[in-house]
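The values are calculated or read from the model by the stated rules, or taken from the named source; none is laboratory data. Keep in mind it's a predicted model, so treat the numbers as computed, not measured. Virtual Cβ from ideal backbone geometry, glycine too; neighbours counted across all protein chains shown.
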Amino acid sequence: MYRNDTVLPFFGILFGVALWYMAYLDGEHIARLAGHTPEELSVGQLGLITFGIVFFLFGAIGYISAWLEGSELRPGKHEPPGGVVPMVVIFLLVLLLAGLSGLFVNAIVYGLTEGPVKPAFMGQLAAAILLVMTLLLVVFKKFFVPDEVLVEDEHSEVPW
Amino acid sequence: MNQNIERIEVYLDESNEPLQVLTSPPFKVTLDSSQIPDGPHTLRVVTTFKGGQTEEEIVEFEVDNLPSPFIDGIDDGQQVRGPVEFEIVTGDYAAPLARGGLSIIGAVLSALLVLGLVWFYFAFSPSAREIVVEKGAAPAAAAHEGAVAGDAAAGKELYAAQCASCHGQNAEGAFGPALAGAAIVGNAEQFNSIVKGGTGSGMPPFAQLSDKELADLRAYLGSLGGGEAAAPAAAGEVDPALMSEGEKIYLTSCASCHQPNGAGVATFPALAGNEKLADKDLVIDRTLNGKVPMPGFGDQLSDEQVAAVATYIRNSWGNAFGPVSPADVAAKR
């Protein structure tokens, strides 16, 4: 039967973290050699971080699937549990999303009128907005969207 | 609990025979849905109160014990020809939940192993240390290399065995250029790089020679002539004023591609240690007319300026190919 296994996602995340750790140690190494911490990432670090992100996303998708759908997909209609707590969580996340979006627009306007805003700040803000949106979707799907599972052949070795 | 309830009868579908009759609490009913067919059903609960009054409650529900088959390989309305293969798949509600996933201990051990290996590599691997040696200790190594004492006698033997066939018995030059007193002998880094890597045209690489042997060779060749100082004399006197004029033009017009130190970059060739510069006509031609992607400077520079810059590149950074005169340039225009 179709399974949302968490073994592969675990190793995906573990290897992702290991690659980031390598990039970090590589940076320490370079700093030791150069006598100071360079402002830019080295090409090697960029490569390690990129593959780290790929592995991490692979694992995160697996874990989210397992949480949303359970470790196994049983055929039939599945009614969502609903509940007050997820509703409150969604309300808070929407507030946070509105706040972050407002801050983002404000930062653009500030950048145009008062002077440049650090690109890293804008990037982190955009990333936070996307993360909050993702969390909203995930919580909404888990607690408020009914599901129907059909019996289907398992086509792939990858379990999600 | 209501004291007025006399009995409760539970009927399934249209049956007149009650499924169960309850007369005292708890009014609990167990219905085994696996004993009734899949599909819609009705549960009728008739409550009879003391005094004869009755109340009826009807609940509709659906039994789904058997999973519907799924046809894999042929779709609704699909056109087919010839033999068609399809599979009918069914799920199993009763299948036990597969136990999967890592135990906490397994997860922690794997994490420790993987992250520990990464740390171990950076902390102890000889190849990780090599990087430290290569990059961190480069200046010290270079200084040390310069300090390698060459043995002229050993160098002479080596020269006779490996070099004399091309560069002449006494390094006076033959098929290859003269090395006695050549400026390149004074430049250890360039000398070693040419000997070990070859020139790509004419001279083969001698990568098997050790640093000590290279130092021996340089000691021997250095003992033959005056080294760097003697080079211009060997190739013809170079006017210092012409060199300084040439340097100015070089830095303005040439250095952006060929680099201020003549090392070149990307597709722009190095001029330092470039043996093609020995060909005076080639240098003048390239300076005047260029060669894609290099532009020609014939209409920007006078004969004197071209001569100055040609002299400068032919006699800088260890090059010692002698001067170029304005008359040479005029002849090539």
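Residues are listed down the side, and each one gets a yes or a no for (1) modelled with pLDDT under 80; (2) in the same structural domain as residue B:156 (by TED's automatic domain parsing); (3) over 17 Å from residue B:309 (Cα atoms); (4) surrounded by fewer than 16 Cβ atoms within 10 Å (Cβ to Cβ):
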position	(1), (2), (3), (4)
B:191	no, yes, yes, no
B:196	no, yes, yes, yes
B:206	no, yes, yes, no
B:218	no, yes, yes, no
B:227	yes, yes, yes, no
B:245	no, no, no, no
B:253	no, no, no, no
B:260	no, no, no, yes
B:271	no, no, no, no
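If the condition is being surrounded by fewer than 18 Cβ atoms within 10 Å (Cβ to Cβ), at the interface with chain B (Cβ under 9 Å from one of its Cβ atoms) and not aromatic (Phe, Trp, Tyr), then region A:4-24 contributes only A:7.
Residue A:68 passes every criterion in (1) in a helix (DSSP H, G or I); (2) closer than 23 Å to residue A:22 by Cα apart from (2).
Every condition in (1) in contact (Cβ under 8 Å) with a residue 40 or more places away in the chain; (2) among the aliphatic types (A, V, I, L, M); (3) within 27 Å of residue B:182 (Cβ to Cβ) is met by residue B:282 except one, and the failing one is (1). Given the structure, is residue A:131 crowded, with 16+ Cβ neighbours inside 10 Å and farther than 30 Å from residue B:65 by Cα? Answer is no for this residue. Taking (1) free of Cβ contacts under 8 Å to residues at least 60 places away in the same chain; (2) outside any loop (DSSP other than H, G, I, E, B) in turn, residue B:296 satisfies each apart from (2). Scanning region B:275-309 for residues that are touching a helix residue (DSSP H, G or I) at 6+ places or on another chain (Cβ under 7 Å) and of a type outside the set (A, V, I, L, M) returns B:276, B:280, B:281, B:285, B:287, B:296, B:297, B:298, B:303, B:304, B:305.
Might you check whether a residue that is surrounded by 11 or more Cβ atoms within 10 Å (Cβ to Cβ) and in contact (Cβ under 8 Å) with a residue 24 or more places away in the chain occurs anywhere in region B:66-74? Yes; the residues of region B:66-74 include at least one that is surrounded by 11 or more Cβ atoms within 10 Å (Cβ to Cβ) and in contact (Cβ under 8 Å) with a residue 24 or more places away in the chain. Kindly evaluate residue A:58 against the criterion of being within 16 Å of residue A:16 (Cα to Cα) and within 14 Å of another protein chain (Cβ to nearest Cβ). No; evaluated as a whole, the condition is false for this residue.
Of all residues in region A:50-82, those being at pLDDT below 90, under 16 Å from residue A:10 (Cα atoms) and in contact with a Gly (Cβ under 8 Å, 6 or more places away or on another chain) number 1.
Look at (1) within 11 Å of another protein chain (Cβ to nearest Cβ); (2) on the phi < 0 side of the Ramachandran plot; (3) out of contact with any Leu (no Cβ under 7 Å at 6 or more places or on another chain) and you find that residue A:96 fails only one, number (1).
The residue list B:120, B:86 contains one member that is more than 9 Å from chain A (Cβ to nearest Cβ), within 28 Å of the chain's Cα centre (by Cα) and modelled with pLDDT of 65 or more, which is B:120.
Listed conditions (1) assigned to a loop (DSSP other than H, G, I, E, B); (2) in contact with a strand residue (DSSP E or B) (Cβ under 6 Å, 6 or more places away or on another chain) are all met by residue B:257, apart from (1). The single condition from (1) at pLDDT below 85; (2) crowded, with 24+ Cβ neighbours inside 10 Å; (3) among the aliphatic types (A, V, I, L, M) that residue B:329 fails is (1). Might you check whether a residue that is assigned to a loop (DSSP other than H, G, I, E, B) and aromatic (Phe, Trp, Tyr) occurs anywhere in region B:303-319? Yes: region B:303-319 contains one or more residues that are assigned to a loop (DSSP other than H, G, I, E, B) and aromatic (Phe, Trp, Tyr).
Note on region B:1-70: enclosed strands (runs of 3 or more DSSP E) holding 3 or more residues that are modelled with pLDDT of 90 or more are B:5-12, B:39-49, B:54-63.
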